[in-house]
1. Have a look at P153, A205, L175 and report the one farthest towards the positive end of the charge dipole of the stretch 124-235, computed about the Cα centre with Cβ charges (Lys/Arg +1, Asp/Glu -1).
2. Just to check I understand the Karplus step: with θ = phi - 60° and J = 6.51 cos²θ - 1.76 cosθ + 1.60, what whole-Hz values come out for the stretch 154-160, glycine and proline as x?
3. If packing is taken as the average number of other Cβ atoms within 10 Å across a peptide's residues, how do 157-167, 259-269 rank, most packed first?
4. Restricting everything to alpha-carbon atoms, can you work out Rg to Rh for the stretch 118-260 with a Kirkwood hydrodynamic radius?
5. With a point put 7 Å past each Cα toward its Cβ, work out how far D286 is from E124 in nm, to one decimal.
6. Would you please calculate the Kirkwood hydrodynamic radius of the stretch 31-185 over all C-alpha pairs and express it in Å, rounded to one decimal?
7. Could you state the per residue volume, in Å³, of the convex hull enclosing the Cα atoms of the stretch 154-204?
Amino acid sequence: MTRILIVLLAAIVASGCASSPGPRQPRSESVLASLTEQYTRVRLMDGRTGEPVAAGDLAERLDRADVVLFGELHGHPVGLPVAAAIWRDMLGHREEGRRPALLLEFFERDQQLAIDDYLAGMIEEDEFLGATGKRPDYDHREMLEFAKLRGHPVIAANAPRRYVRLARTDGFDRLRGLSPAQRSMFVLPPTDDGPKAYRDRFVEAMGGMDAGHGGSGPLDFLRAQLVWDATMADSVATALEHRHAPVALVVGRFHVEFDGATRSYLQARRRGADILSIVMVDAWSDELREEDRGRGDIVAYVGPVERASRPPAGSAESGSTDGDSGG
């Protein structure tokens with residue numbers, strides 16, 4: 001499977017891309033446009049105006065963006081290849097001098113060395129999978145492999161689970177007391193309770209859960225969620241500071257939809273950055289539904305999971321999530 005995917009990606013690159021920066025691909029070669037010809041029910045809408053967004057229009061917005069936030073539905077068999085197609089268009093259409101980077105929620109900061117070693121060809125994929133605890137068909141394999149093929153960095157965006165768990169069980173003061181080396185693995189939110197609208201949405205999503213889950217209630221879990229948000233926002237801001245653009249963060253949609261905490265923290269850290277959010281919705285619709293207005297800058301209708309078709313040949317294989325939480 002690995003050799004087949006690499007051969008397919010190599011053929012894509014040989015047909016119109018080069019490993020070094022160069023002119024953008026013609027718009028007619030948009031991977032997303034080809035994909036939506038197969039997924040005829042997929043619709044992209046402007047999340048503010050409700051206007052349809054064609055692949056060419058999206059490409060122009062991607063060209064202007066400093067940051068692209070993919071608010072995904074983990075494991076979705078259509079949403080995943082749509083995101084991968086947009087990422088491939090981001091690389092294929094990039095202008096001279098732009099240095100894109102891919103950031104992934106489902107990789108944690110202490111796994112960065114394994115990612116770097118794999119991208120550099122120092123270890124084989126099976127070693128990489130063992131070091132990061134991923135299955136061979138993990139959700140974002142196509143995006144990572146295409147970044148590897150094109151020589152672009154992939155950044156582990158999230159805080160290691162052990163520190164996130166500590167935020168839930170012991171609180172932020174416990175994390176503040178850790179060593180500088182440990183503190184480099186995560187970032188604490190600027191306030192202990194997060195943005196109000198986000199906090200309210202989170203508590204509602206938890207369904208009024210009481211403190212029966214290991215003694216933790218919804219506000220305890222919110223602390224863990226905010227460590228994820230603050231760490232991922234910091235990872236994006238740091239990539240921008242290292243002059244990468246556009247920076248693509250792939251993350252569960254709750255973190256970024258309706259100006260979620262990851263986006264809010266990033267906007268506070270990088271005022272003036274052009275941030276474009278693309279949020280997947282598990283429904284079919286030919287127009288922007290009222291409940292989705294403002295969910296993202298772009299709302300992508302990719303269909304209910306139980307009725308979504310399999311990805312076309314050459315796309316990442318679908319599957320369940322990697323067993324990670326957070327989104």
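FYI, it's all coordinate maths here, none of it is from the lab. Please read these numbers as outputs of a predicted model, since none were measured by experiment. Please note: Cβ atoms are built from the backbone with ideal geometry, for glycine as well, and neighbour counts cover all protein chains shown.
1. L175
2. 10, 10, 6, 8, 9, 7, x
3. 259-269, 157-167
4. 1.00
5. Distance between the two pseudo-spin positions: 5.2 nm.
6. For the stretch 31-185, inverting the mean 1/r across all distinct Cα pairs yields 17.7 Å.
7. 112
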